[in-house]
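Colleague: A single structure is presented below for examination.
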C-alpha cells in the first residue's frame with residue numbers, strides 16, 4: 001500500500017509570517033513555530049512513527065487557485081484570518097468543491113474557520129461571539145462524542161487552544177459531539193468521514209503565544225488583556241486535542 005496522500009488546504013499566503021524573523025517582540029522559539037511550513041506543522045503532531053512515515057502532506061493555497069477533484073485521499077483545512085460572513089467569491093467556490101468531495105466519501109478534518117464556512121454552506125447559523133476567544137479551554141464530549149469512533153479514544157473532557165471571533169450557533173440536525181462553556185457545536189460529525197472542530201488541534205503553545213503577541217494591537221482595541229492570555233497559555237502543559245490529528249489520520253488507513 002502506498003503512502004496516504006493528504007491535502008492541507010490553506011487560505012493564507014505562503015510564508016505569511018516570515019517578516020517576524022526580524023521582530024524582537026518574539027523569542028526564537030516563537031519565530032520557529034511561526035515560520036514552520038504547513039506540512040511540518042501537521043507532521044510534528046504525529047508521534048506514531050509508522051503514521052509519520054506513511055503520510056504525504058501537500059499544501060494547496062486556495063487564494064491562488066482552486067484544486068482539482070479526486071486527486072488526494074483526504075483533506076485537512078486549517079486556521080484562517082478570514083471571516084465566514086464576508087462571503088468572498090473564493091470561499092463560495094471552495095465550499096462547493098469540498099461539499100462535492102465529502103459526498104464522494106473523502107475524509108476531511110475541518111478546523112475553526114472551515115468548521116464555520118461549511119456550517120454556513122449548510123445554512124446553519126454562524127454568529128460573532130461577544131468577544132474574541134484566544135486562549136485555552138476544555139472541550140466536553142456529549143453522549144454521541146463518547147460513542148464516536150474517533151472521539152471515544154479521547155478523554156471525556158480535554159484541553160485545547162482557541163482563536164476565533166465567530167462560532168456555529170445552530171447545527172440543525174447534524175451530529176454535534178461536544179461543546180464548551182462559551183459556545184455549542186465545538187465538534188460536528190458529517191456522515192462518518194468528516195469532522196468539524198472549532199478549536200485548534202494543530203496549534204502548539206509556542207505558536208499560540210506568538211499569535212497573541214502578533215495580534216497585540218487588535219487585542220488592545222478589543223479590551224482583551226494580553227498578559228492574562230499569555231499567562232494562561234504558558235500554564236498549558238500540552239494541547240491535548242492534538243491527539244485528534246493522529247486518530248483522524250489512522251481512521252481511514
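Colleague: Residue by residue through the range 24-43, note down the ones that are closer than 20 Å to residue 204 by Cβ and exposed (fewer than 14 other Cβ atoms within 10 Å of the Cβ).
Modeller: Selection gives 25, 27, 28, 37, 40.
Colleague: Here are 41, 12: which of them is within 30 Å of residue 127 (Cβ to Cβ), in a loop (DSSP other than H, G, I, E, B), in contact (Cβ under 8 Å) with a residue 24 or more places away in the chain and under 16 Å from the mean Cα position of the chain (by Cα)?
Modeller: 12
Colleague: Continuing with this model, one more query. Regarding the range 145-157, can at least one residue be identified that is more than 23 Å from residue 6 (Cβ to Cβ), surrounded by fewer than 21 Cβ atoms within 10 Å (Cβ to Cβ) and under 16 Å from the mean Cα position of the chain (by Cα)?
Modeller: no
Colleague: Would you confirm whether any residue within the range 100-115 is surrounded by fewer than 22 Cβ atoms within 10 Å (Cβ to Cβ), under 20 Å from residue 184 (Cβ atoms), touching a strand residue (DSSP E or B) at 6+ places or on another chain (Cβ under 6 Å) and modelled with pLDDT under 80?
Modeller: Looking for residues that are surrounded by fewer than 22 Cβ atoms within 10 Å (Cβ to Cβ), under 20 Å from residue 184 (Cβ atoms), touching a strand residue (DSSP E or B) at 6+ places or on another chain (Cβ under 6 Å) and modelled with pLDDT under 80, one finds none in the range 100-115, hence no.
Colleague: Return the residues of the range 9-22 that are modelled with pLDDT of 90 or more and touching a helix residue (DSSP H, G or I) at 6+ places or on another chain (Cβ under 8 Å); say none if nothing qualifies.
Modeller: Within the range 9-22, 17, 20, 21 meet the criteria.
Colleague: Right, here's the next one. Only residues that are surrounded by fewer than 22 Cβ atoms within 10 Å (Cβ to Cβ), over 12 Å from residue 142 (Cβ atoms) and modelled with pLDDT of 85 or more: list them for the range 174-208, please.
Modeller: Across the range 174-208, the qualifying residues are 205, 206.
Colleague: Condition check: surrounded by 20 or more Cβ atoms within 10 Å (Cβ to Cβ), touching a strand residue (DSSP E or B) at 6+ places or on another chain (Cβ under 8 Å), modelled with pLDDT of 75 or more and under 19 Å from residue 222 (Cβ atoms). Does residue 162 satisfy that?
Modeller: It is true that residue 162 is surrounded by 20 or more Cβ atoms within 10 Å (Cβ to Cβ), touching a strand residue (DSSP E or B) at 6+ places or on another chain (Cβ under 8 Å), modelled with pLDDT of 75 or more and under 19 Å from residue 222 (Cβ atoms).
Colleague: Residues of the range 44-62 being in a loop (DSSP other than H, G, I, E, B) and surrounded by 13 or more Cβ atoms within 10 Å (Cβ to Cβ), which ones?
Modeller: Answer for the range 44-62, where residues must be in a loop (DSSP other than H, G, I, E, B) and surrounded by 13 or more Cβ atoms within 10 Å (Cβ to Cβ): 44, 45, 46, 54, 62.
The values are calculated or read from the model by the stated rules, or taken from the named source; none is laboratory data. What you see is a predicted model; the values in this text were computed from it and never measured. With ideal geometry, Cβ positions are generated from the backbone for all residues, glycine too; neighbour counts draw on all protein chains shown.
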